[in-house]
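Asks: The structure that follows is given in the form of structure tokens.
The values are calculated or read from the model by the stated rules, or taken from the named source; none is laboratory data. Here the structure is a predicted model, which is why all the values come from computation and not from measurement. Cβ coordinates were reconstructed from backbone atoms using ideal geometry, including for glycine residues, and neighbour counts include every protein chain displayed.
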């Protein structure tokens with residue numbers, strides 16, 4: 001009897017172990033089964049096009065020359081990148097892109113920081129003001145481009161009419177044609193569209209800061225500027241870096257605004273990497289050269305994002 005009971009106990013324990021192992025295996029694979037459709041879509045929509053673009057960047061892919069399409073040899077694989085190195089328009093577009101990103105990101109940050117601090121101190125009507133602030137986010141970039149192209153139009157533009165009405169100008173000015181006013185107009189449109197998103201992020205970060213720290217600093221006699229400089233800014237660093245990362249990636253795709261307002265011209269004065277890439281691919285059918293230029297932009301974007309994430313990790317604050 002004892003032997004039979006012991007045997008039954010061993011069998012039940014083995015069965016429990018097997019069923020536990022099966023449940024563990026199911027638990028391990030079940031999350032992957034759930035996200036499998038998303039992974040498949042990402043692989044088709046994102047990963048495959050990136051790999052395909054990298055391959056095309058090493059080939060003389062030209063729509064008007066089908067005999068050279070997808071010709072990949074070790075002797076010619078770097079030709080596209082050599083052409084870019086010797087292309088003055090590429091370096092001009094790269095310089096314009098760096099200036100555009102630097103000015104718009106920094107100016108947007110300072111404007112958004114000021115607005116977020118002002119909104120954080122509003123006691124009544126803050127929800128209404130936040131709703132009004134988000135209005136620019138409701139417009140598509142194409143509409144923003146048309147809107148600001150009309151503002152700075154040389155003949156019927158609002159800016160020319162307003163300045164001439166006040167007597168500050170005697171004749172209309174071609175803002176989008178002259179240099180550097182064309183670049184400034186594009187920057188203003190981009191800043192107007194992206195400041196609300198950055199302001200909301202910084203406002204959320206400001207409202208989540210511990211008030212005990214500010215009260216203690218105020219009791220110790222710290223002025224408002226000292227509290228802002230030594231408490232608010234350091235505690236907002238994680239929110240700032242996240243906002244700047246999102247903003248930089250968003251501005252780096254500002255093809256539509258530039259394309260609508262100036263098209264990269266005249267004489268490549270407002271040419272950016274993305275507009276020059278579109279010109280090479282769509283107008284000139286040079287998909288190999290355009291892919292090489294896009295890879296340069298991707299590499300620069302990846303390095304910039306990694307830098308911001310490293311700074312974000314360093315600035316993490318534990319309350």
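Asks: Return yes when residue 99 is in contact (Cβ under 8 Å) with a residue 60 or more places away in the chain and surrounded by fewer than 15 Cβ atoms within 10 Å (Cβ to Cβ) and no when it is not.
Replies: Values: in contact (Cβ under 8 Å) with a residue 60 or more places away in the chain: yes; surrounded by fewer than 15 Cβ atoms within 10 Å (Cβ to Cβ): yes.
The answer is yes for residue 99.
Asks: How about the range 147-160: which of its residues are assigned to a helix (DSSP H, G or I) and surrounded by 15 or more Cβ atoms within 10 Å (Cβ to Cβ)?
Replies: Let us first name the residues in the range 147-160 that are assigned to a helix (DSSP H, G or I), namely 147-151, 158-160.
Listed by number, the residues that qualify are 147, 148, 149, 151, 159, 160.
Asks: Any chance the range 26-45 includes a residue that's in a helix (DSSP H, G or I), more than 24 Å from residue 295 (Cα to Cα) and at pLDDT below 65?
Replies: For the range 26-45, residues in a helix (DSSP H, G or I), more than 24 Å from residue 295 (Cα to Cα) and at pLDDT below 65: present.
Asks: Then there's this: What do you reckon, is residue 182 closer than 30 Å to residue 98 by Cα and in contact with a helix residue (DSSP H, G or I) (Cβ under 6 Å, 6 or more places away or on another chain)?
Replies: Considered against the rule, which asks whether it is closer than 30 Å to residue 98 by Cα and in contact with a helix residue (DSSP H, G or I) (Cβ under 6 Å, 6 or more places away or on another chain), residue 182 comes out as no.
Asks: Based on what the data block shows, is residue 159 without any contact (Cβ under 8 Å) to a residue 60 or more places away in the chain, closer than 16 Å to residue 262 by Cβ and touching a helix residue (DSSP H, G or I) at 6+ places or on another chain (Cβ under 7 Å)?
Replies: The answer is yes for residue 159.
Asks: Please work out if residue 193 is modelled with pLDDT of 85 or more, closer than 18 Å to residue 99 by Cβ and buried (at least 18 other Cβ atoms within 10 Å of the Cβ).
Replies: no
Asks: Let me ask you something else. Give the residues of the range 201-226 that are touching a helix residue (DSSP H, G or I) at 6+ places or on another chain (Cβ under 7 Å) and either crowded, with 18+ Cβ neighbours inside 10 Å or in a loop (DSSP other than H, G, I, E, B) (or both), sorted by residue number.
Replies: 201, 202, 203, 205, 206, 209, listed by residue number.
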